[in-house]
Amino acid sequence: LLDRAVGIVAEKAQDEATATTLAAGAVRYYLAKFTLNQIITFDFDLALQVSGDSGVYLMYTHARAAGIMRKVPEVAAESVPVLEPVERALLHRIDDYPHALAEAAAGMSPSTLTAYAFALAAAFTAFYEHTDPVATEQDRERRAFRRRLVAAAKATLGDALGTLGMAALERV
């Protein structure tokens, strides 16, 4: 299973080690997103897709956030700008993490955490696609806030991935 998955994702990865990490995370995520009462029919196309509810998508989203962090230096800011709806939605999703983690632990249900991680990645993608790039933002306060927002999303998604036994890649 893992060898076949590595072969499929190898073309998307920068090297063989990354392909192995992506494949292992994708397989783990795919299996964890089902509840104990569901019958699992493993679907390589769904498990290894780059977009949508997959481990590859989550690891790619983390790597995208890491890339932003590498490009944008930290700057001090005095205030928080008026938030765009996608910024507010991402903040709320980040804030939901302790609740999702506690719910997953209480129910011994990794699928609860996979659902949260996907929702967080989707909120980050919406932020990324519907705001000006952080690296080119001209307003100093907004740029500083968005960098901190990216850092918080990256840290939260990284923790969720680690809790699920997946790597939080810095590059794909």
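Couple of notes before you dig in:
- Whole-number percent relative contact order across region 29-111, with pairs defined as alpha carbons under 8 Å at least 6 apart: 33
- For the chain, with all protein chains in place and a probe radius of 1.4 Å, 55% of the accessible heavy-atom surface sits on carbon or sulfur.
- Evaluating 6.51 cos²θ - 1.76 cosθ + 1.60 at θ = phi - 60° for every residue in region 51-60, the Karplus couplings come out as 10, x, 7, 9, x, 4, 4, 5, 5, 5 Hz, glycine and proline recorded as x.
- With all pairs of separate Cα atoms included, the chain yields a Kirkwood hydrodynamic radius of 16.7 Å.
- The angle separating the long axis of helix 16-32 from the principal Cα axis of greatest extent in the chain is about 80 degrees.
- Per-residue ³J(HN,Hα) for region 6-13, Karplus 6.51 cos²θ - 1.76 cosθ + 1.60, θ = phi - 60°, Hz, x for Gly and Pro: 4, x, 6, 7, 4, 6, 8, 9
- Helix 140-163 and the longest principal axis of the C-alpha atoms of the chain enclose an angle of approximately 20°.
- Those lysines that a straight Cα-Cα span of less than 16 Å connects to K154, excepting residues fewer than 8 apart in one chain: K71
- Near D96: Cβ cut-off under 14 Å, other residues only, Lys/Arg at +1 and Asp/Glu at -1. The net charge is -1.
- Sites K71 and E141, calculated FRET efficiency, Cβ-Cβ separation with R0 22 Å, nearest 0.05: 0.75
- Charge dipole magnitude, Cβ of K and R +1, D and E -1 - the chain, Cα centre, debye nearest 20: 220
- In order along region 93-105, the Karplus-derived 3J(HN,Hα) couplings, from 6.51 cos²θ - 1.76 cosθ + 1.60 at θ = phi - 60°, round to 5, 4, 5, 6, 4, x, 5, 4, 5, 5, 5, 5, 5 Hz, and Gly and Pro are given as x.
- With the charge dipole of region 68-124 set up from +1 on Lys and Arg Cβ and -1 on Asp and Glu Cβ about the Cα centre, the Cα lying farthest toward the positive end among the listed residues A105, I68, A123 is that of I68.
- Over the chain: helical MRE at 222 nm, DSSP H runs n ≥ 4 each giving -39500 (n - 2.57), nearest 500: -21000 deg cm²/dmol
The values are calculated or read from the model by the stated rules, or taken from the named source; none is laboratory data. Predicted model, so just to flag it, every value in this text is computed and none were measured. As a convention, Cβ positions derive from the backbone with ideal geometry for all residues, glycine included, and neighbour counts pool all protein chains shown. Keep in mind that these areas ignore ligands, DNA and RNA; they rest on the heavy atoms of the full protein, side chains included. Shrake-Rupley method; radii C 1.70, N 1.55, O 1.52, S 1.80 Å.
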